[in-house]
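Comments concern the structure below.
The values are calculated or read from the model by the stated rules, or taken from the named source; none is laboratory data. Fair warning: this is a prediction, and the values are worked out from it, not measured in the lab. With ideal geometry, Cβ positions are generated from the backbone for all residues, glycine too; neighbour counts draw on all protein chains shown.
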């Protein structure tokens with residue numbers, strides 16, 4: 001529901017800026033009432049969710065755009081944390097390739113609006129192919145996607161007016177972690193890991209608030225992009241989809257051509273693009289992939305590339321002439337994708353301001369893609 005408060009920018013210059021700073025409250029709202037005595041309730045997904053979750057053997061995610069990036073992170077979580085087989089596909093592709101569906105798969109669709117035409121059509125195709133169980137992750141309770149799904153997890157982000165998604169994305173990730181917990185405990189998610197994830201989720205609003213305090217620092221960093229036409233984003237593991245989301249945000253609102261790659265693919269082509277006019281943004285949390293990521297960073301630096309590195313504050317890599325480091329408050333690896341998306345949102349916002357674009361209504365784009 002649009003309220004007077006939702007359409008009032010208040011102290012903020014743009015809706016996107018307001019919505020970025022609403023993320024701690026939005027995430028808290030996503031979590032509100034879902035737990036009893038620190039345990040996630042199955043019925044938060046629907047009255048018969050427990051029965052459905054007891055009988056599924058895998059997960060198939062369908063989504064578009066930013067929601068697809070959220071689903072990619074969820075695939076890492078499902079398989080790494082709980083050993084739940086998980087496939088993900090862009091909804092518009094799923095529709096046309098005559099896919100083979102696992103008999104006992106849970107079809108998970110993700111859409112902020114619940115009206116994304118390709119996602120709705122992909123859901124109908126999955127049903128036509130015999131899908132028995134469907135779940136929607138959505139922000140609009142009365143939407144077509146919610147009505148067409150057996151189970152529902154509302155993200156409760158509140159109205160998002162800026163075309164470039166911010167709080168809808170982080171609340172989707174939060175909601176998907178809830179789904180990973182609910183399904184994962186029926187597979188190989190240990191009780192200890194469930195407790196850890198629950199504690200991390202409860203701490204998440206405060207962690208996001210802390211990252212938002214880096215706004216002024218990132219605003220200064222954005223000046224490096226003011227005369228650039230291209231940018232490269234690198235990540236590994238569950239941070240690769242976050243690199244993809246960072247590149248999409250920069251494209252959408254600053255009109256800079258940006259691409260994201262898994263860092264290990266750098267030598268397989270993108271390295272040819274690296275020069276002083278191609279800034280490279282690296283998402284480098286403190287995890288077991290860091291050593292290889294650092295070698296990628298050295299390859300970029302040796303070729304005169306400008307590196308902008310968002311890394312865990314516990315790491316020791318120091319800035320030098322070709323590398324700027326933004327330290328992100330330390331967080332558990334499992335939750336890191338949610339935290340590391342925040343500075344990339346802030347970066348794209350401040351670059352767009354410098355470029356003088358229409359941040360809330362970028363050219364050629366619509367908030368909800370209701371046509372095919």
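Things to note:
- Residue 253 vs. criteria on the phi < 0 side of the Ramachandran plot, at pLDDT 90 or above and surrounded by 15 or more Cβ atoms within 10 Å (Cβ to Cβ): yes
- Against the list (1) outside any helix (DSSP H, G or I); (2) at pLDDT below 95; (3) closer than 29 Å to residue 250 by Cα, the condition residue 62 fails is (2).
- The residue that is surrounded by the most Cβ atoms within 10 Å (Cβ to Cβ), counting only those in the range 113-122 that are closer than 19 Å to residue 155 by Cα, touching a residue at least 40 places away in the same chain (Cβ under 8 Å) and touching a helix residue (DSSP H, G or I) at 6+ places or on another chain (Cβ under 6 Å), is 119.
To keep it simple, each residue is scored yes or no on (1) under 23 Å from the mean Cα position of the chain (by Cα); (2) within 27 Å of residue 41 (Cα to Cα); (3) surrounded by 24 or more Cβ atoms within 10 Å (Cβ to Cβ); (4) in contact (Cβ under 8 Å) with a residue 40 or more places away in the chain.
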residue	(1), (2), (3), (4)
92	yes, no, no, yes
98	no, no, no, no
106	yes, yes, yes, yes
111	yes, yes, yes, yes
124	no, no, no, no
132	no, yes, no, no
139	yes, yes, yes, no
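- Any hit, the range 86-103, residues being part of a loop (DSSP other than H, G, I, E, B) and modelled with pLDDT of 95 or more: no
- Residues in the range 271-283 that are crowded, with 17+ Cβ neighbours inside 10 Å and either at pLDDT below 75 or assigned to a strand (DSSP E or B) (or both): 280, 281, 282, 283.
- Filtered residue count, the range 142-174, keeping only those that are farther than 17 Å from residue 21 by Cα, in contact (Cβ under 8 Å) with a residue 12 or more places away in the chain and assigned to a helix (DSSP H, G or I): 3
Conditions (1) modelled with pLDDT of 90 or more; (2) on the phi > 0 side of the Ramachandran plot; (3) surrounded by fewer than 19 Cβ atoms within 10 Å (Cβ to Cβ), marked per residue:
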| residue | (1), (2), (3) |
| --- | --- |
| 187 | yes, no, yes |
| 199 | yes, no, yes |
| 204 | yes, no, no |
| 244 | yes, no, no |
| 285 | no, no, no |
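- Residue in the range 206-237 that is nearest to residue 304 (Cα to Cα), counting only those that are crowded, with 24+ Cβ neighbours inside 10 Å and under 14 Å from the mean Cα position of the chain (by Cα): 235
- Any hit, the range 188-206, residues being more than 24 Å from residue 30 (Cβ to Cβ), in a helix (DSSP H, G or I) and in contact with a helix residue (DSSP H, G or I) (Cβ under 6 Å, 6 or more places away or on another chain): no
- Test for residue 218: is it modelled with pLDDT of 95 or more, under 30 Å from residue 79 (Cβ atoms) and in contact with a helix residue (DSSP H, G or I) (Cβ under 8 Å, 6 or more places away or on another chain): no
- Residue count for the range 298-341 satisfying the condition of being under 24 Å from the mean Cα position of the chain (by Cα) and not in a loop (DSSP other than H, G, I, E, B): 17.
- Top-ranked residue of the range 304-316 - restricted to ones that are surrounded by fewer than 16 Cβ atoms within 10 Å (Cβ to Cβ) and out of contact with any strand residue (DSSP E or B) (no Cβ under 6 Å at 6 or more places or on another chain), ranked as modelled with the lowest pLDDT: 316
- Restricted to the range 1-16, and to residues there that are part of a loop (DSSP other than H, G, I, E, B) and modelled with pLDDT of 70 or more, the residue that is farthest from residue 353 (Cα to Cα) is 8.
- Given (1) in contact (Cβ under 8 Å) with a residue 12 or more places away in the chain; (2) under 30 Å from residue 163 (Cα atoms); (3) in contact with a helix residue (DSSP H, G or I) (Cβ under 7 Å, 6 or more places away or on another chain), index of the condition residue 10 fails: (1)
- Among the residues here, residue 78 does not qualify as in the same structural domain as residue 110 (by TED's automatic domain parsing), assigned to a helix (DSSP H, G or I), surrounded by fewer than 23 Cβ atoms within 10 Å (Cβ to Cβ) and in contact (Cβ under 8 Å) with a residue 24 or more places away in the chain.
- Residue 259 in a helix (DSSP H, G or I), at negative phi and free of Cβ contacts under 8 Å to residues at least 60 places away in the same chain: no
- When restricted to residues that are over 26 Å from residue 19 (Cβ atoms), in a loop (DSSP other than H, G, I, E, B) and out of contact with any helix residue (DSSP H, G or I) (no Cβ under 9 Å at 6 or more places or on another chain), the range 123-141 contains 2.
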